[in-house]
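Everything below concerns the one structure shown next.
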Amino acid sequence: MLHVIEQSNDPAIRKLRKNYISPSETTAVIDHIIRGVLESSPLILINTTTGCLCDGPERIRTFKADPMFKELVSSMTTEWDNEQILRVVTGFFGYVMFSHAWQGHEPLFQDVSAVKSVWNLPITPLNEKLQNFCKETRRLGHNWAWSDTCCIDKTTSAILNQSLTSMYKWYADSAATLVFLAGIAHPSQPGDLTRSFWMTRAWTLQELLAPKVMFFYDSDWKPYLGNIGVNHKESPEIMQELADAIKIPRGTIVTFSPDDLGVCEKLRLASTRNATVKEDVAYSLIGIFKSDIRPHYGEGADALGHLLEEVVARFGEVTVLAWSGKSSSYNSCLPASISVYNQTPYYPPSLEGEEMETCIAELRGKLPHLDALGIYSQINVLPPARFATRRLHLPCVVFPVRRLGIQETRRGNEKLYRARVSGLGRVEFTTADDLSLHRPQKFVFAHPWIRHIRGPSDEVVLGGDPGVDIDLDSDSGFDAGSDDVVIHSPLHDVSAPRVDEYTRALQMIARLGQPFSALLLVQQPNGEYKRVATENEIVVSGLGTDIMRSKTIQAKVLEIL
């Protein structure tokens with residue numbers, strides 16, 4: 001019809017052209033929407049009808065060969081219905097993700113490419129697993145399926161890295177995720193899911209949390225517990241089983257966002273899971289932490305170091321230091337294994353209300369204004385923790401060790417040590433490290449939980465700019481490897497300290513007086529420190545409200561190797 005209008009000899013008829021849209025214009029609009037949809041789709045998907053591996057352009061060709069494309073174009077003559085276009089496009093290009101535990105020689109990208117289709121693969125249990133996944137995806141009404149076995153060309157590092165960093169989003173944006181529980185016999189029973197091998201694998205944590213729609217299947221590809229609902233994430237029974245097992249709220253599993261959980265909770269969830277390849281312990285958490293680390297197979301356990309370093313760098317988050325066990329070769333303040341985060345670290349009880357008022361009253365009678373405000377100023381000007389070339393620059397309150405001795409030798413090469421510590425008194429700890437007692441060596445206990453000490457009012461810096469910081473690389477009074485931080489105190493500018501500032505300072509000192517989990521550090525020849533890995537967390541008594549101890553507080557930034 002448009003051709004007739006355009007070729008008409010009647011000018012009035014030709015003017016009618018502007019009231020209509022051409023198929024080519026509609027196609028251009030559809031193409032634009034397709035590109036937007038494919039931007040968040042996996043690079044390669046399986047066509048569940050042909051079994052072929054298809055990239056984005058091939059999926060577009062398949063769509064345009066489908067009668068629904070021609071129907072969509074021809075249905076729009078006077079204006080574009082973007083909602084309808086998006087509905088048709090997302091319906092066609094929607095994909096289903098596969099979640100399973102690898103069991104051996106799974107069919108790889110090269111295996112499927114060689115035979116052109118998943119339906120042409122030799123008959124083996126693992127090939128049948130992939131084929132059954134594709135059949136179930138097609139039965140659910142979807143054209144495209146993704147499996148980590150054959151939809152990533154792992155021989156191409158750029159594709160592999162892009163896939164690893166995008167995988168969380170692929171699961172989150174999928175039409176559904178199908179979970180195959182190979183070890184669960186039919187009929188399945190309550191509790192089978194949380195006892196399954198699938199629950200122990202590193203990658204399956206994001207595969208559980210990211211999707212909005214999930215279906216669990218037993219070894220016969222029958223729905224878990226016989227649940228034939230439209231989404232197992234809407235099953236209270238299944239979700240409660242999972243919530244009880246991993247100890248997070250059911251609603252968090254159902255509608256998970258990376259912002260829903262703190263760093264400690266994420267690390268705890270990951271701590272009980274294993275990976276065949278060391279690097280995957282960290283790479284499987286890229287999406288959950290919204291991390292920017294670049295995968296590099298071959299770095300081994302350093303991958304975990306890179307991830308934890310980024311957590312500290314991005315969030316100033318030092319709770320990653322709350323562990324006991326063996327140190328990483330990456331940095332002595334980081335653990336060698338993520339499993340240590342399954343421990344429950346010590347957290348001091350909240351100090352507030354009447355208990356806080358009692359502490360403040362006791363301190364107010366002992367600690368003069370200027371002394372209290374001096375301590376407050378020292379702690380408030382500490383910068384956030386940061387990493388540089390694998391060195392941790394850690395703001396902390398430091399307690400020097402005056403005397404150190406061995407109390408007894410325990411199993412293996414572990415020894416029980418007893419230390420006399422300035423401000424803390426007697427402290428005992430067990431370590432397998434051989435601490436030299438025969439040559440001069442400086443040990444300190446560090447209180448790194450500065451956010452806790454500052455409390456909810458840490459945004460106020462007495463007498464100065466709230467954004468004040470210390471330049472760790474400058475020569476203006478600070479040496480990152482030394483014991484001394486020169487604090488340019490603003491106290492000389494304070495002629496009449498306000499009561500609220502004094503009270504805030506006393507609150508901070510009261511929190512500093514609580515018991516805390518301490519890090520034991522030993523100074524190196526060049527002035528830096530290393531953490532001494534201990535077998536158990538070192539919980540020390542804190543300063544209490546001892547006025548003489550409070551006066552000797554040293555707030556510093558230590559450089560730790």
Yes or no: segment 322-338 includes at least one residue that is closer than 30 Å to TYR283 by Cα, in a loop (DSSP other than H, G, I, E, B), among the aromatic types (Phe, Trp, Tyr) and in contact with a helix residue (DSSP H, G or I) (Cβ under 8 Å, 6 or more places away or on another chain). yes
Residue in segment 283-322 that is nearest to the chain's Cα centre (by Cα), counting only those that are at positive phi and at pLDDT 95 or above: LYS290
Does at least one position in segment 404-414 carry a residue that is within 30 Å of LEU304 (Cβ to Cβ), modelled with pLDDT under 90, assigned by TED's automatic domain parsing to the domain that holds ARG439 and touching a Ser or Thr at 6+ places or on another chain (Cβ under 9 Å)? yes
Exception for ILE360 within (1) in contact (Cβ under 8 Å) with a residue 24 or more places away in the chain; (2) surrounded by 14 or more Cβ atoms within 10 Å (Cβ to Cβ); (3) out of contact with any Ser or Thr (no Cβ under 9 Å at 6 or more places or on another chain); (4) more than 30 Å from LYS247 (Cα to Cα) falls at (3)
Give the residue, chosen from PHE63, PHE69, that is among the hydrophobic types (A, V, I, L, M, F, W, C) and either modelled with pLDDT of 95 or more or surrounded by fewer than 12 Cβ atoms within 10 Å (Cβ to Cβ) (or both). PHE63
Got a sec? Which helices (runs of 4 or more DSSP H) wholly within segment 1-54 have at least 2 residues that are surrounded by fewer than 11 Cβ atoms within 10 Å (Cβ to Cβ) and at pLDDT below 60? 2-7
Can you pull out every residue in segment 172-222 that is of a type in the set (A, V, I, L, M) and touching a strand residue (DSSP E or B) at 6+ places or on another chain (Cβ under 9 Å)? ALA175, ALA176, LEU178, VAL179, LEU181, ILE184, LEU193, ALA202, LEU208, ALA210, VAL213, MET214
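Okay, residues lined up against (1) closer than 17 Å to PRO295 by Cα; (2) at pLDDT 95 or above; (3) surrounded by 15 or more Cβ atoms within 10 Å (Cβ to Cβ):
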residue	(1), (2), (3)
THR165	yes, yes, yes
TYR168	yes, yes, yes
TYR171	no, yes, yes
THR177	no, yes, yes
ALA182	no, yes, yes
GLY191	no, yes, no
MET199	no, yes, yes
Which pairs have Cβ atoms under 6 Å, sit 6 or more apart or on different chains, and link a residue in segment 130-145 that is within 16 Å of ALA182 (Cα to Cα) to one that is surrounded by fewer than 20 Cβ atoms within 10 Å (Cβ to Cβ)? ASN132/TRP221
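The values are calculated or read from the model by the stated rules, or taken from the named source; none is laboratory data. In this text the structure is predicted, and so the values were computed from the model without any measurement. Methodologically, a virtual Cβ is constructed for each residue, glycine included, from the backbone with ideal geometry; neighbour enumeration extends over all protein chains shown.
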